[in-house]
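Below is one structure; the comments refer to it alone.
The values are calculated or read from the model by the stated rules, or taken from the named source; none is laboratory data. It should be emphasised that the depicted structure is a prediction, and the values quoted were computed from it without experimental measurement. Methodologically, a virtual Cβ is constructed for each residue, glycine included, from the backbone with ideal geometry; neighbour enumeration extends over all protein chains shown. Each accessible area value is taken on the protein alone, full model and side chains, heavy atoms only, with ligands, DNA and RNA left out. Shrake-Rupley method; radii C 1.70, N 1.55, O 1.52, S 1.80 Å.
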Amino acid sequence: MRFLSMMGSSFGCSSTGERLVSAARDGDVQEAMALLEYNPRLARYSTFGVRNSPLHYSAAQGHHEIVSLLLGCGVDINIRNYRGQTALMQACQHGHWEVVQTLVLYNANIHRVDYLNGGTALHFAALNGHSRCIRLLLADYIPSTPSFWDVMRKKSNGRESKNDFDEGVLFKMVNQPADGGITALHMAALNGHVDSVHLLLDLGASLSEITVEDGTTIDLIGAGSTPLHYAACGGSVQCCQILISRSASLTVKNANGWTPLMVARSWHRDSLEELLSKQPESRQQILPSPYLSLPLRSIVKIARECGWKNSEFVPTCLDPCVVCLERKCTVTAEGCNHEFCTRCALYLCSTNCTSSIAHGPPGSIACPLCRHGIVSFTMLPGAITSIKEIARTSISFSLCACSGEVSDSASMLTPLRKSDFTCTLISPLSSSSFRSLSCQRFPSIKLNSSRCLGGSESHETLTPSLNLKEAVLEDELLAAARLRVRSFNKLDHSTYGIHDHIKYLAEREFEALKERVAGRRVGFRKVSCINASIPLSQISSGADELCSSCKFYENGEDRIVIGTLDLNQCLRLPDEITGKRPEGIGADLTRAYLSNVCVAKELLRNGVGYSLIARSKIVAQEWGITDLYVHVADDNDPAKELYLKSGFIYENDEPAWQARFLDRPRRILLWTEISEKLC
Ligand SMILES: [Zn+2]
Ligand SMILES: [Zn+2]
């Protein structure tokens with residue numbers, strides 16, 4: 001570090017240049033803005049020796065708001081570093097899809113190749129299995145038409161078809177070889193990235209492209225190898241399966257005379273033996289990749305034409321976008337005609353990867369309001385004239401969008417919110433634990449006192465009918481999702497469209513919750529939703545809204561979810577401080593976190609929180625957990641008290657800069673040991 005800054009001092013603008021590089025790398029938007037305001041030419045500054053520009057640093061680190069800032073200052077979007085890499089390649093390599101989205105919207109060149117290996121941005125994304133990035137890169141080449149998937153399938157069956165887009169250009173893009181003839185499909189297949197292999201195949205990646213001897217690369221598999229040879233070397237059963245289901249040849253030999261099976265044997269991939277030995281008898285059903293997202297091109301075109309930034313914000317908007325409740329509606333979904341702002345539609349198309357099926361053609365995405373399968377968006381009349389794209393000409397875009405007034409889901413869409421970059425559906429709600437928002441609308445009520453056996457800090461079950469258990473029924477999960485939405489969002493019931501918005505938030509949390517509980521979220525071993533519920537008949541009046549939204553039916557009676565939390569068996573939660581215990585191998589089996597802890601406002605101070613935590617410890621012990629963690633906001637005293645009295649102790653806290661960056665109160669990480677004594 002010191003060395004770098006000394007080297008830099010031989011340049012005229014070195015010290016401010018270095019400061020900009022640091023700001024770009026660390027994601028310090030305010031510092032970057034101040035420096036660029038002072039001298040816009042700094043945007044082109046490169047560090048001596050490695051020649052990474054600030055654009056490269058911010059792209060590689062995923063700071064998309066700084067990327068926007070630099071592009072707004074006129075920096076060359078396709079600038080290369082010493083090895084010929086563009087910022088787009090680095091963003092793809094690290095899976096920062098929001099940066100890729102920004103660069104694509106600004107028309108970055110996706111054809112540039114790396115000097116060292118001849119790879120394009122597509123190769124970098126495929127190498128690391130970043131399917132969202134792959135999809136965004138090819139945004140301009142995949143039409144927003146309902147027949148796309150059928151056209152591509154018929155082609156693979158060898159039948160003629162009429163096309164309404166240039167298949168040839170897409171084919172060239174997807175199958176462009178890097179040095180040694182290696183395609184994106186080879187790379188994804190070798191590294192076992194099933195989702196990326198699936199997507200590339202749907203986009204026309206060829207199964208018969210073969211590698212070539214070019215004398216420069218070390219090739220352990222042999223020239224003349226197909227993607228299936230590469231998958232066989234990598235050893236992923238699923239990758240081989242999907243390639244074979246799309247008719248990859250099992251008998252083709254590479255330059256060494258090896259079939260895929262022989263490659264698998266030479267790498268001791270025993271699990272592939274049977275799969276690669278004979279063609280499957282029955283044709284498997286071929287499903288479209290969940291990343292296909294047909295409407296993407298239509299919304300990218302609209303965004304380029306009329307902007308996508310905060311300038312759309314209209315303070316007195318009467319009919320705002322129902323997803324963010326903040327910006328004016330500028331686009332409409334073809335078919336159901338629901339209206340959204342460009343930002344939300346863009347976000348929807350870039351992140352759509354759920355397993356839930358839309359009512360529409362393959363690759364359409366579900367309308368957040370009616371589940372209609374959206375294939376394209378069209379611009380609403382007047383969208384262009386009402387919007388001025390200030391960010392293109394000025395660097396002072398609004399930084400105050402993440403105010404406390406917007407809900408969590410809206411802040412996901414604001415420039416300062418960091419999202420996780422895995423390709424699973426991200427939890428729409430913050431994992432912040434136990435926030436009780438003050439709320440004047442609901443008077444606090446007590447459980448019927450005749451049934452109430454425990455004090456407010458008792459660890460015992462409060463009432464005989466308070467049920468504490470892991471949710472299994474979808475009905476109960478939905479009730480829990482609704483409780484979370486009303487607990488974690490400041491919802492003003494007088495806002496226009498609020499009920500649609502709440503419905504939308506609950507639907508999203510429900511889908512995400514189902515996905516987590518079903519074990520489909522990458523990085524999580526096991527997730528359980530643990531609820532506290534009581535019969536409807538036990539709730540006294542004054543809680544009508546709670547009763548109607550958090551009700552479910554079980555064993556012949558209506559019950560109300562009054563408290564809920566998630567128990568997550570995993571190494572870390574996205575965007576949160578990671579616990580230290582236990583150390584070493586196996587920590588992913590014995591470490592767990594509580595998240596989404598909440599108790600209905602109407603029933604706070606009834607000891608429900610204590611009961612829930614006690615129950616979750618028992619479940620954790622059944623799972624073999626030894627160390628249980630929970631994150632709590634530093635300023636949330638009631639929650640801290642709850643955890644400390646439940647046996648948690650302080651382990652760590654979040655650096656202040658990270659809290660600022662994520663625009664939230666600083667978090668504290670609390671730990672407790674799960675001991676034998678519990679049972
Ligand atoms: Zn919106
Ligand atoms: Zn709709």
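At-a-glance table
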{"read-out": "Output for the range 253-271, where each listed residue is crowded, with 16+ Cβ neighbours inside 10 Å and touching a residue at least 40 places away in the same chain (Cβ under 8 Å)", "value": "254, 263"}
{"read-out": "Candidates 275, 228, 292 - the one that is under 30 Å from the mean Cα position of the chain (by Cα), part of a loop (DSSP other than H, G, I, E, B) and hydrophobic (A, V, I, L, M, F, W, C)", "value": "292"}
{"read-out": "Hits in the range 134-171 (condition: open to solvent by 50 Å² or more (accessible area, probe 1.4 Å), more than 29 Å from the chain's Cα centre (by Cα) and at pLDDT 85 or above)", "value": "169"}
{"read-out": "Residues of the range 272-293 satisfying the condition of being surrounded by 13 or more Cβ atoms within 10 Å (Cβ to Cβ) and of a type in the set (S, T, N, Q)", "value": "289, 293"}
{"read-out": "Hits in the range 347-376 - residues which are within 16 Å of ligand 1 (Cβ to nearest atom), closer than 23 Å to residue 130 by Cα and at pLDDT 85 or above", "value": "347, 348, 349, 350, 365"}
{"read-out": "Residue in the range 590-621 that is most open to solvent (accessible area, probe 1.4 Å), counting only those that are among the basic types (Lys, Arg) and farther than 20 Å from residue 545 by Cβ", "value": "615"}
{"read-out": "Pairs where the first residue, in the range 651-670, is open to solvent by less than 50 Å² (accessible area, probe 1.4 Å) and the second is among the polar types (S, T, N, Q) and modelled with pLDDT under 85, C-beta under 8 Å, 6+ apart", "value": "664/430; 664/432; 667/432"}
{"read-out": "Residues being open to solvent by 20 Å² or more (accessible area, probe 1.4 Å), under 19 Å from residue 61 (Cβ atoms) and touching a residue at least 40 places away in the same chain (Cβ under 8 Å) - total across the range 97-131", "value": "4"}
{"read-out": "Some residue of the range 104-123 being in a helix (DSSP H, G or I), hydroxyl-bearing (Ser, Thr, Tyr) and within 28 Å of residue 305 (Cα to Cα)", "value": "no"}
{"read-out": "Residue satisfying condition, being of a type outside the set (Ser, Thr, Tyr) and without any contact (Cβ under 8 Å) to a residue 12 or more places away in the chain, within set 673, 602, 583", "value": "583"}
{"read-out": "Test: residue in the range 27-41 that is under 23 Å from residue 351 (Cα atoms) and either modelled with pLDDT of 85 or more or surrounded by 23 or more Cβ atoms within 10 Å (Cβ to Cβ) (or both)", "value": "yes"}
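For (1) in contact with a Cys (Cβ under 9 Å, 6 or more places away or on another chain); (2) at pLDDT 85 or above; (3) away from ligand 2 (no atom under 16 Å from the Cβ), each residue gets a yes or a no:
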residue: 270; (1), (2), (3): no, yes, yes
residue: 282; (1), (2), (3): no, no, yes
residue: 316; (1), (2), (3): no, no, yes
residue: 319; (1), (2), (3): yes, no, no
residue: 332; (1), (2), (3): no, yes, no
residue: 337; (1), (2), (3): no, yes, no
residue: 345; (1), (2), (3): yes, yes, no
